[in-house]
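See structure below.
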Amino acid sequence: MDSMTTVETTLVDVAESYRIEANQKLDQTTQTELGQFMTPSSVASFMASLFEFAGGSEPIALLDPGAGVGSLSAAFIHRCLLASHVPPKITVDAYELDPVMLSYLVQTVQQCRATCKEAGVNFSGNSIHKNFIADGVERIWNANSLFGQPLQGYTHCIMNPPYKKIHSDSEHRQQLSQIGIETSNLYSAFLAIAIKLLAPHGQLVAIVPRSFCNGVYFKPFRKLLLAEMAIKQLHVFASRKQAFKENDVLQENIILYAVKHAPQGEICITESSDPTFDDMTERSVTFAQVVNPSDADQFIHIATSDLDQMVVDRIGLFTHSIHDLGLDVSTGPVVDFRLKDDLCQQAEAGTVPLIYPTHFCNNQIQWPAKKGRKPNAIRNSDTSSRWLMPNGWYVLTRRFSAKEEKRRIVAALCDPATFSAAMIGFENHLNVFHQQKNGLDPTIAKGLAVYLNSTLVDHYFRQFSGHTQVNATDLRTLHYPSLDVLIQLGHQVNGSFPTQREIDALLELEIAQLSQNDLPHDL
């Protein structure tokens with residue numbers, strides 16, 4: 001066994017040397033545009049370790065789409081040959097379009113073949129220079145046609161797919177629609193096709209962005225994933241920068257392990273601060289703790305600690321959507337660089353207030369700003385008038401947090417008494433809570449501002465959002481209290497806005513009244 005371990009480790013090391021060498025040859029701009037981020041050996045080995053091998057009597061057919069230099073395939077072969085029962089045959093289909101990486105992939109496959117030969121394993125490796133989406137769609141389409149041959153599904157799939165948005169009018173979108181796949185990113189398209197290409201009880205391990213876990217755009221994909229696959233393990237990296245730190249990737253990534261058409265049992269959630277996995281923590285949760293049975297959107301919650309789980313449980317007590325409340329939230333309609341001729345540094349005749357994030361002060365709007373480069377007003381002209389809103393009670397949030405900001409969601413209450421004008425402008429770096437493009441009931445506005453500024457909501461948003469921006473779409477997907485609860489919270493806002501401690505105490509009282517269980521009391 002020791003000699004085999006040495007041989008297999010050499011295989012993984014060779015693939016890692018190819019990865020480092022190829023990474024230096026790739027254009028960084030092209031890498032970013034195509035979402036090409038190759039998997040370090042430590043991550044590849046961890047991913048391969050998640051697969052279960054029941055016995056060695058059945059042949060293995062591995063799919064590796066977007067294979068790069070073949071690091072994941074090499075790690076998988078390493079894992080296979082160290083199993084207690086070595087499989088008699090291993091077939092690998094590795095897809096790669098980039099010619100630089102393809103040349104290394106061919107060499108990695110050759111190394112895998114030589115290593116398997118030494119172990120007495122029949123190996124067949126195919127370096128496929130094709131577009132995986134186009135080829136996968138064609139295979140699935142042909143298999144489902146009247147005279148098509150059934151797919152010989154893969155027993156295993158390991159992948160690090162490319163990350164790039166798919167435009168609605170793109171060729172990829174048209175191809176995917178042919179087989180009933182609706183998704184907005186290459187990585188989820190790769191996952192969806194792979195799921196369809198897996199055999200029953202086929203195993204899938206993928207490192208992908210966390211963004212598919214929530215949001216309306218990924219809902220069709222989540223529906224497919226949860227209908228076809230049983231999630232067995234989810235791994236989270238505590239640092240956004242660590243998984244692909246060589247490429248300065250700030251996308252929050254997770255590792256998913258799932259099995260096709262298997263019974264859904266408990267899910268193992270693991271977390272590590274970096275790809276060494278030295279400080280990995282582990283907890284087991286029920287499926288209902290990950291996907292709330294009453295959630296029509298089927299959001300996937302990954303709570304890596306008891307604190308995270310407590311946040312999910314508490315937020316789950318609030319079951320209303322923003323539309324249930326008769327409210328909406330939109331991006332601030334004033335795009336200042338398009339209306340430069342109408343901007344004014346200070347209010348003057350014919351102008352109305354223009355609100356920027358710089359006007360936020362202690363969760364309220366302080367206008368005009370005495371210092372700063374941003375204008376305080378905008379002319380109510382034929383050009384700008386269509387982008388203005390009636391003066392009224394609004395709740396505003398920043399779309400982008402400052403570097404020093406401790407909170408992800410920062411909300412401010414907009415009091416119409418602050419302004420004498422009949423109309424008001426909200427700049428594009430804000431999100432605006434409104435009611436049919438008009439102001440809110442004042443008590444509801446106050447209660448909503450309290451809720452959004454709570455520690456509970458901030459913790460929850462950090463869990464389900466994989467990015468630092470706070471967009472209107474994200475805010476539409478939040479859970480909200482009922483109007484009655486918002487009104488009760490609003491009644492507590494008199495004069496100056498409550499402190500953070502007061503906000504959390506007010507919400508805790510409402511949670512205690514709603515809860516039928518003895519929930520812990522401190523976040």
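Within the range 461-515, track down each residue that is outside any helix (DSSP H, G or I), aromatic (Phe, Trp, Tyr) and in contact with a Lys or Arg (Cβ under 9 Å, 6 or more places away or on another chain).
Quick first cut of the range 461-515, residues outside any helix (DSSP H, G or I) only: 465-471, 477-482, 491-499, 515.
Of the ones still in play, those that are also aromatic (Phe, Trp, Tyr) are 480, 497.
Correct list: Phe497 only.
Taking the stated definitions as given, is Asp382 over 24 Å from the mean Cα position of the chain (by Cα) and closer than 18 Å to Glu348 by Cα?
Criteria met by Asp382.
Every residue in the range 331-372 that is surrounded by 14 or more Cβ atoms within 10 Å (Cβ to Cβ), in a loop (DSSP other than H, G, I, E, B), within 33 Å of the chain's Cα centre (by Cα) and not small (Gly, Ala, Ser), please.
Within the range 331-372, Pro333, Tyr356, Asn363 qualify.
Would you check if there is a residue in the range 441-452 being surrounded by fewer than 19 Cβ atoms within 10 Å (Cβ to Cβ) and at pLDDT below 90? Spell out the reasoning first.
Restricting attention to the range 441-452, the residues satisfying the condition of being surrounded by fewer than 19 Cβ atoms within 10 Å (Cβ to Cβ) are 441-443.
Checking the rest, the ones that are also at pLDDT below 90 come to none.
No: zero hits.
Looking only at the range 167-202, which residues are touching a Cys at 6+ places or on another chain (Cβ under 7 Å) and not small (Gly, Ala, Ser)?
If the condition is that a residue be touching a Cys at 6+ places or on another chain (Cβ under 7 Å) and not small (Gly, Ala, Ser), then Leu198 is the only one that fits.
Here is a list: Ala74, Ala44, Ala94, Ala48. Which entry is closer than 25 Å to Ser17 by Cβ, touching a Phe, Trp or Tyr at 6+ places or on another chain (Cβ under 8 Å) and open to solvent by less than 10 Å² (accessible area, probe 1.4 Å)? Spell out the reasoning first.
On the way: Ala74 fails: touching a Phe, Trp or Tyr at 6+ places or on another chain (Cβ under 8 Å); Ala44 fails: touching a Phe, Trp or Tyr at 6+ places or on another chain (Cβ under 8 Å); Ala94 fails: touching a Phe, Trp or Tyr at 6+ places or on another chain (Cβ under 8 Å).
When all the criteria are applied, what remains is Ala48.
Only one of Ala119, Ala143, Ala134 is among the hydrophobic types (A, V, I, L, M, F, W, C) and without any contact (Cβ under 8 Å) to a residue 12 or more places away in the chain. Can you tell me which?
Working: Ala119 fails: without any contact (Cβ under 8 Å) to a residue 12 or more places away in the chain; Ala134 fails: without any contact (Cβ under 8 Å) to a residue 12 or more places away in the chain.
After applying the criteria, what remains is Ala143.
Please enumerate the residues belonging to the range 229-266 that are modelled with pLDDT under 95 and crowded, with 18+ Cβ neighbours inside 10 Å.
Answer for the range 229-266, where residues must be modelled with pLDDT under 95 and crowded, with 18+ Cβ neighbours inside 10 Å: Val236, Phe237, Ala243, Phe244, Val249, Gln251, Glu252, Asn253, Ile254.
Given the condition modelled with pLDDT under 95, within 29 Å of the chain's Cα centre (by Cα) and either under 24 Å from Gln500 (Cα atoms) or assigned to a strand (DSSP E or B) (or both), answer yes or no: does some residue in the range 412-433 qualify?
The answer is no, given that none of the residues of the range 412-433 is modelled with pLDDT under 95, within 29 Å of the chain's Cα centre (by Cα) and either under 24 Å from Gln500 (Cα atoms) or assigned to a strand (DSSP E or B) (or both).
Do we find that Pro375 is open to solvent by 30 Å² or more (accessible area, probe 1.4 Å), in contact with a helix residue (DSSP H, G or I) (Cβ under 9 Å, 6 or more places away or on another chain), outside any helix (DSSP H, G or I) and farther than 19 Å from Gly439 by Cβ in this structure?
Working: open to solvent by 30 Å² or more (accessible area, probe 1.4 Å): no; in contact with a helix residue (DSSP H, G or I) (Cβ under 9 Å, 6 or more places away or on another chain): yes; outside any helix (DSSP H, G or I): yes; farther than 19 Å from Gly439 by Cβ: yes.
Against the criterion (open to solvent by 30 Å² or more (accessible area, probe 1.4 Å), in contact with a helix residue (DSSP H, G or I) (Cβ under 9 Å, 6 or more places away or on another chain), outside any helix (DSSP H, G or I) and farther than 19 Å from Gly439 by Cβ), Pro375 does not qualify.
When the range 267-292 is examined, which residues are found to be assigned to a helix (DSSP H, G or I), in contact with a strand residue (DSSP E or B) (Cβ under 7 Å, 6 or more places away or on another chain) and open to solvent by 30 Å² or more (accessible area, probe 1.4 Å)? Full working, then the answer.
Filtering the range 267-292 for residues assigned to a helix (DSSP H, G or I) gives 287-290.
Restricting the remaining residues to those that are in contact with a strand residue (DSSP E or B) (Cβ under 7 Å, 6 or more places away or on another chain) gives 287, 290.
The answer is Phe287, and nothing else.
Can we say Ala411 is closer than 25 Å to Leu506 by Cβ and free of Cβ contacts under 8 Å to residues at least 12 places away in the same chain? Lay out the reasoning, then the answer.
Details: closer than 25 Å to Leu506 by Cβ: yes; free of Cβ contacts under 8 Å to residues at least 12 places away in the same chain: no.
The answer is no for Ala411.
Name, by its number, the condition in (1) assigned to a helix (DSSP H, G or I); (2) more than 29 Å from Leu176 (Cβ to Cβ); (3) open to solvent by 30 Å² or more (accessible area, probe 1.4 Å) that does not hold for Arg139.
It fails just one condition, (2).
Please find, within the range 293-309, the residue that is most open to solvent (accessible area, probe 1.4 Å) out of those that are free of Cβ contacts under 8 Å to residues at least 60 places away in the same chain and not in a loop (DSSP other than H, G, I, E, B). Talk me through it step by step, then tell me what you get.
Of the range 293-309, the ones free of Cβ contacts under 8 Å to residues at least 60 places away in the same chain are 293-296, 305-306, 309.
The next check asks that each one be not in a loop (DSSP other than H, G, I, E, B); those that pass are 306, 309.
On the way: Asp306: 119, Gln309: 12 Å².
It comes out as Asp306.
Residue by residue through the range 310-340, note down the ones that are among the hydrophobic types (A, V, I, L, M, F, W, C) and without any contact (Cβ under 8 Å) to a residue 12 or more places away in the chain. Quick ask: steps written out before the conclusion?
Step one: list which residues in the range 310-340 are among the hydrophobic types (A, V, I, L, M, F, W, C), which gives 310-312, 315, 317-318, 322, 325, 327, 329, 334-335, 337, 339.
Passing the criteria: only Phe337.
Restricted to the range 142-194, and to residues that are under 22 Å from the mean Cα position of the chain (by Cα) and either open to solvent by 70 Å² or more (accessible area, probe 1.4 Å) or charged (D, E, K, R) (or both), which residue is farthest from Ala48 (Cα to Cα)?
Here the residue is Ser168.
Would a scan of the range 53-60 turn up a residue that is modelled with pLDDT under 80, under 23 Å from Ser124 (Cα atoms) and open to solvent by less than 50 Å² (accessible area, probe 1.4 Å)? Break it down into steps so the answer makes sense when it comes.
Of the range 53-60, the ones modelled with pLDDT under 80 are 54-57.
Still in the list and also under 23 Å from Ser124 (Cα atoms): 54-57.
Restricting the remaining residues to those that are open to solvent by less than 50 Å² (accessible area, probe 1.4 Å) gives 55-56.
Within the range 53-60, one or more residues are modelled with pLDDT under 80, under 23 Å from Ser124 (Cα atoms) and open to solvent by less than 50 Å² (accessible area, probe 1.4 Å).
The values are calculated or read from the model by the stated rules, or taken from the named source; none is laboratory data. The shown structure was predicted, so the numbers you read here are calculated from the model rather than taken from an experiment. Every residue, glycine as well, gets a Cβ built from its backbone with ideal geometry; the counts of neighbours run over all protein chains shown. SASA here: full protein model, heavy atoms, side chains in, ligands and nucleic acids out. Shrake-Rupley method; radii C 1.70, N 1.55, O 1.52, S 1.80 Å.
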